[in-house]
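The values are calculated or read from the model by the stated rules, or taken from the named source; none is laboratory data. Nothing here was measured: the structure is a model prediction, and the numbers come from that model. Positions of Cβ are backbone-derived with ideal geometry, glycine not excepted, and every protein chain shown enters the neighbour counts.
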Protein chains: 4
Amino acid sequence: MKKTAIRTYSRNDKLISERRDHIAQSVAPLFVKKGYERTSIREIAEACDMSMGALYYYVGGKEDILQIMLDYDLTLYTKFVKELVDSSGSLPPREGLIRVLEQYFKASDASQDLTLFFYQETKSLQPSAREIIKGRERSLVAEFEKLLARGCKSGDFKIDNITLVANQIVVTGHMWALRRWLLRHVCSLEEYTRHNTEYFLTAVGAN
Amino acid sequence: MKKTAIRTYSRNDKLISERRDHIAQSVAPLFVKKGYERTSIREIAEACDMSMGALYYYVGGKEDILQIMLDYDLTLYTKFVKELVDSSGSLPPREGLIRVLEQYFKASDASQDLTLFFYQETKSLQPSAREIIKGRERSLVAEFEKLLARGCKSGDFKIDNITLVANQIVVTGHMWALRRWLLRHVCSLEEYTRHNTEYFLTAVGAN
Amino acid sequence: MKKTAIRTYSRNDKLISERRDHIAQSVAPLFVKKGYERTSIREIAEACDMSMGALYYYVGGKEDILQIMLDYDLTLYTKFVKELVDSSGSLPPREGLIRVLEQYFKASDASQDLTLFFYQETKSLQPSAREIIKGRERSLVAEFEKLLARGCKSGDFKIDNITLVANQIVVTGHMWALRRWLLRHVCSLEEYTRHNTEYFLTAVGAN
Amino acid sequence: MKKTAIRTYSRNDKLISERRDHIAQSVAPLFVKKGYERTSIREIAEACDMSMGALYYYVGGKEDILQIMLDYDLTLYTKFVKELVDSSGSLPPREGLIRVLEQYFKASDASQDLTLFFYQETKSLQPSAREIIKGRERSLVAEFEKLLARGCKSGDFKIDNITLVANQIVVTGHMWALRRWLLRHVCSLEEYTRHNTEYFLTAVGAN
DNA sequence: CATGAATGAGGTTTCATTCAT
DNA sequence: TATGAATGAAACCTCATTCAT
C-alpha cells in the first residue's frame with residue numbers, strides 16, 4: 001500500500017496517509033464538478049481546509065493530487081466490488097451473478113460522475129502514475145473474473161475469454177454513467193439492469 | 001447546418017465555413033495529442049497556419065474551436081455510418097448487421113484517439129454547445145436505429161428497445177477505444193468483433 | 001552575433017534585438033543594486049517599462065535576462081578595449097602600454113559595480129550560457145594579448161607567457177573594483193595605476 | 001570574539017558557540033555548491049542534522065547563517081596565514097617571503113571554491129555584517145603586512161606602500177581561484193607561483 | 001481582411017519563519 | 001531545548017484576448 005513516488009516533506013507516515021486521504025475525499029466533488037485542469041490549487045486548498053503550503057507539505061504537485069484522488073476512489077470501489085463478489089459466494093453461481101450485476105449497476109448509477117471523471121482525466125497523469133491507476137482498474141476487473149471463474153469451475157458457466165466478459169461487465173456499468181444523458185430517455189436503471197443481466201447470463205451459457 | 005452562436009467579424013458565409021472546416025481539420029491532431037486545456041491559442045494558430053488575429057476573426061474564442069472541431073468530426077463520422085448503413089440496405093438484415101458491425105468496429109479502431117478525446121473534452125464545452133454535440137451523437141445512434149428498424153419491419157429482428165440496442169452498438173465501438181490498453185492483452189479486434197457480433201445477433205433475435 | 005538559444009515568440013529579428021538591448025540597458029542598474037536573485041521579474045518589467053507579458057515575449061525566462069545583460073555589457077567593454085588598443089597602435093609599444101593601462105584602469109574605476117556583478121552572478125547562469133560569457137571574457141583578454149604581441153614582435157617586449165600577463169592586466173583592473181573597499185584607504189587610483197604600470201613594464205621587460 | 005548581533009534564544013554561551021561552529025562547518029559545502037540564495041533553510045537544517053526549529057534557536061535568520069559561515073572560514077584562514085607567517089619568522093626575510101608565497105598559493109588552490117564564494121555572496125549580507133567580514137579580511141592582509149614589515153625593518157625589503165603590496169599578495173591568490181577557468185589553459189600552479197614570486201621579490205626590492 | 005505585439009490576471013510552486021507540542 | 005507542521009506572501013511564468021497598424 002505504498003504511496004511512493006509522491007514527494008512529501010513530512011516523515012510521519014501516519015500523518016501523510018491521513019492527510020492524503022483527507023485530500024482525496026475533499027477534492028473529489030470539486031474535481032468532478034469543475035474538471036481537473038479548471039480547478040486551481042487555491043480552490044483545492046480551500047476545499048481541503050488547508051493552506052496551500054500545508055498541501056504542498058504532503059504532496060509534490062497538482063498532478064499528485066489527481067493521482068491520489070483517483071487511486072483512493074478506485075481502491076475504495078475495488079474493495080466494494082470485492083466484498084460484493086465475496087458475499088455472493090454463498091449463492092449458486094447463476095444467482096450470484098444476477099445479484100452482483102444488480103448491485104454493481106446500482107453502484108454505477110450512484111457514482112456516475114466519478115466514473116465519467118475517470119475516463120476524462122486519467123490522461124492528465126504522467127505515464128507512470130497512469131500505470132498505477134491502470135493496475136487498480138485491472139484489480140477491479142479481476143474481481144469479476146473471480147466470480148466468473150468460480151462459475152466455470154463448478155460447471156455452471158461456460159466462457160471462452162473470461163477477462164473479456166469481466167471487462168464487458170465493468171464497461172456496461174460505466175456505459176450507464178457515460179451515456180446517461182442519452183439512456184435517460186430510453187430506459188430506466190431497472191430495465192437496463194434486466195436487459196444486460198439477461199445478456200450476460202446468455203454470454204456465460206447460464207440461460 | 002447553422003454554425004451560429006459562434007461569433008465572427010466576417011460576413012462572408014462561404015469564407016467562414018471554409019476557414020472553420022480548415023480549423024477543425026488542423027486542430028484535431030493537436031487537441032488529441034495535448035488535450036484541449038493544454039493547447040494554447042498560439043499553437044492552434046500555428047497548426048492552422050493562421051495568425052492569432054485571423055483565428056479570432058472567424059471564431060469567438062478558444063472554446064468555439066473545440067466545438068467546431070467536435071462538431072466537424074462527429075458530422076463526418078455520422079455521415080460515414082449513414083453511408084455504411086445505407087449501403088448495407090441491399091443485404092438481408094442479418095447480413096447487413098454483420099457487415100455494418102464489422103466495418104464500424106474497424107472504423108472505431110482507426111479513430112481510437114478521437115473517440116477518447118470526445119469522452120474527455122465534451123465537458124469543456126458550455127451547456128449550450130454540449131447540447132449541439134449531443135444532438136450529433138443522437139444522429140449517429142439514429143443511423144443504427146434505422147438499420148435495426150428495417151430488420152424489425154421485415155420480421156428478421158425482434159427488439160424490445162431499439163434505441164437501447166443501437167446505443168449499445170455505438171458504445172461497444174467506443175469501448176474498444178476507451179479500454180484498448182486493457183483489451184489489447186485480452187483479444188484482437190477480430191475476436192472482439194466476432195464476440196460482439198454474436199452478442200448483437202442474439203440481442204436482436206437473429207441467431 | 002547570434003542571440004540564439006534564447007526563446008522568443010517574436011519572429012521580427014530587428015525588434016528582438018532592439019528589445020533585448022533595451023532590456024540589457026534597463027536592467028543593469030537594478031541588477032547591480034539588488035543582485036540577480038533578489039530582483040523580481042515584476043521589478044525588471046517595471047525598469048524596462050514593459051509589461052511582464054511583453055518581457056516574456058522576447059525572453060525565455062529570468063536567467064536569459066541575466067545572460068543578455070552580461071553579454072551586452074561585456075561586448076561593449078570588449079569593444080571599448082579593442083578601440084583603446086587599436087588607437088594606441090601609433091605609439092611605440094612602451095608608451096602604448098602605459099597609455100592603455102592608464103585608460104583601462106580609469107575605465108575599471110568607472111565600471112566598478114558592473115565588474116563586481118560579473119564575478120558575483122556569472123555562476124547563476126546555466127553552464128551553456130556561462131560558456132558564452134567566458135568566450136566574451138577571453139575576447140577581452142585577447143585584446144590585451146594583441147597589444148603585448150605587437151611589442152614582442154618589435155623587440156621592445158620580452159614575455160614568456162603572453163596570455164598570463166594579459167590576464168593579469170585584466171584582473172588588476174578588476175581588483176580595483178573588487179577590493180575598492182580596502183584599497184580606498186590605501187591609495188588613490190593614480191597611485192594604483194602608477195604602481196601597477198611600473199610592475200607591468202618590468203614584467204614585459206621594458207623597464 | 002563576540003558573536004553578537006545575532007539573535008538567539010539560548011543563554012548558554014558555550015552551546016551557542018558550539019552549535020554555530022557546527023553550522024558553519026556543515027553549511028559550507030552546501031552554500032559553495034548551490035549558492036546562498038538557492039539554498040533553503042530546510043536543506044541547511046538537514047545538512048546540519050538539526051531541526052529547523054533548533055536552527056532558529058541559535059540563529060536569528062538565514063542571513064546570520066551566511067555571516068557565521070563566512071566569519072568562521074575567514075577566521076580559520078587568517079589563523080592559517082598567521083601561523084604560516086610566524087613559522088617563517090626564523091628564515092631570512094627573502095626566503096621567508098618565498099616560502100609564504102608558495103604555501104599561500106598552494107592553499108589558495110585548495111580552497112578555490114570557498115574563495116569564489118566569498119566574492120560572490122558577501123553582498124548578500126547587511127552592511128553591518130559586511131563590515132565584520134571586511135574586518136576579518138583586513139586581518140588577513142595584516143598578517144602579510146607583518147611579514148613585509150619585518151623585512152623592511154631588517155633592511156632586506158624596501159617598500160613604499162606596505163598595505164598595497166600585502167593586498168596584492170592576497171589578491172594574487174584569489175585570482176588563481178577566480179580565473180582558474182581561464183588560467184587552467186595558460187599555466188600550472190607551479191608556474192603561476194614562480195611567476196608571481198619573482199614579481200613580488202622585485203616589488204619589495206629583494207631581487 | 002490580416003497581423004502579431006502587448007496586456008495583466010491568475011496559474012502553480014517555494015520558502016523563511018513561527019509556535020503549539 | 002527540540003521538533004516539524006503550518007502559514008501565506010511572493011516568486012516565476014503562461015496565455016486568452018485585444019487592437020493599432
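Checking A:E63 against (1) within 23 Å of the chain's Cα centre (by Cα); (2) within 16 Å of DNA strand F (Cβ to nearest atom); (3) assigned to a loop (DSSP other than H, G, I, E, B), only one condition comes out false. Which one?
(3)
Tell me whether the stretch D:94-111 contains one or more residues that are touching a Lys or Arg at 6+ places or on another chain (Cβ under 9 Å) and away from DNA strand F (no atom under 16 Å from the Cβ).
There is at least one residue in the stretch D:94-111 that is touching a Lys or Arg at 6+ places or on another chain (Cβ under 9 Å) and away from DNA strand F (no atom under 16 Å from the Cβ).
Does the stretch A:133-150 contain at least one residue that is of a type in the set (K, R) and farther than 23 Å from A:Y77 by Cβ?
Of all residues in the stretch A:133-150, those of a type in the set (K, R) come to A:134, A:136, A:138, A:146, A:150.
Checking which are farther than 23 Å from A:Y77 by Cβ leaves us with none.
Within the stretch A:133-150 (the criterion being of a type in the set (K, R) and farther than 23 Å from A:Y77 by Cβ), the answer is no, since none of the residues qualifies.
Of all residues in the stretch B:9-60, which are on the phi > 0 side of the Ramachandran plot and within 15 Å of DNA strand F (Cβ to nearest atom)?
Residue satisfying the conditions is B:G35 alone.
C:R42 is checked against (1) at pLDDT 95 or above; (2) touching a Leu at 6+ places or on another chain (Cβ under 7 Å); (3) of a type outside the set (A, V, I, L, M) and fails just one. What number does that condition carry?
(2)
Need pairs with beta-carbon distance below 8 Å; first residue more than 14 Å from chain B (Cβ to nearest Cβ) and within the stretch C:42-60, second within 7 Å of DNA strand E (Cβ to nearest atom) and of a type in the set (F, W, Y); sequence gap 6+ or separate chains.
C:Y58/C:Y9
Looking for something buried (at least 19 other Cβ atoms within 10 Å of the Cβ), part of a helix (DSSP H, G or I), of a type in the set (K, R) and out of contact with any Gly (no Cβ under 9 Å at 6 or more places or on another chain) - is there at least one such residue anywhere in the stretch B:34-45?
No, the conditions are met nowhere in the stretch B:34-45.
Which of the residues spanning the stretch A:147-163 are of a type in the set (A, V, I, L, M, F, W, C) and surrounded by fewer than 20 Cβ atoms within 10 Å (Cβ to Cβ)?
Once the filter is applied, which keeps residues that are of a type in the set (A, V, I, L, M, F, W, C) and surrounded by fewer than 20 Cβ atoms within 10 Å (Cβ to Cβ), the stretch A:147-163 yields A:A149, A:C152, A:I159.
In the stretch B:122-130, is there at least one residue being under 25 Å from A:E198 (Cβ atoms), touching a residue at least 40 places away in the same chain (Cβ under 8 Å) and more than 16 Å from DNA strand E (Cβ to nearest atom)?
Scanning the stretch B:122-130 turns up no residue that is under 25 Å from A:E198 (Cβ atoms), touching a residue at least 40 places away in the same chain (Cβ under 8 Å) and more than 16 Å from DNA strand E (Cβ to nearest atom).
Give, as residue ranges, the helices (runs of 4 or more DSSP H) completely inside the stretch B:109-207 that count at least 1 residues that are out of contact with any Cys (no Cβ under 9 Å at 6 or more places or on another chain), more than 9 Å from chain A (Cβ to nearest Cβ) and farther than 30 Å from A:K123 by Cα.
B:127-153, B:189-203
Just give me the residues in the stretch B:1-25 being surrounded by fewer than 19 Cβ atoms within 10 Å (Cβ to Cβ) and in a helix (DSSP H, G or I), in sequence order.
Matches in the stretch B:1-25: B:D13, B:K14, B:L15, B:I16, B:S17, B:E18, B:D21, B:H22, B:Q25.
Kindly indicate whether any position in the stretch A:67-86 is loosely packed, with under 15 Cβ neighbours inside 10 Å, in a helix (DSSP H, G or I), within 16 Å of DNA strand F (Cβ to nearest atom) and away from chain B (no Cβ under 14 Å).
Among the residues of the stretch A:67-86, not one is loosely packed, with under 15 Cβ neighbours inside 10 Å, in a helix (DSSP H, G or I), within 16 Å of DNA strand F (Cβ to nearest atom) and away from chain B (no Cβ under 14 Å), which makes the answer no.
Working only within the stretch A:161-207, note down all residues that are β-branched (V, I, T) and touching a residue at least 60 places away in the same chain (Cβ under 8 Å). Give the derivation first.
So the first thing to find is which residues in the stretch A:161-207 are β-branched (V, I, T), and the list is A:162-163, A:165, A:169-172, A:186, A:193, A:197, A:202, A:204.
Passing the criteria: A:I169, A:T172, A:T193, A:T197, A:V204.
What about B:L101, is it at negative phi and surrounded by 19 or more Cβ atoms within 10 Å (Cβ to Cβ)?
Against the criterion (at negative phi and surrounded by 19 or more Cβ atoms within 10 Å (Cβ to Cβ)), B:L101 qualifies.
Has the stretch D:48-71 got at least one residue that is away from DNA strand E (no atom under 16 Å from the Cβ) and of a type in the set (A, V, I, L, M)?
Yes - at least one qualifying residue is present in the stretch D:48-71.
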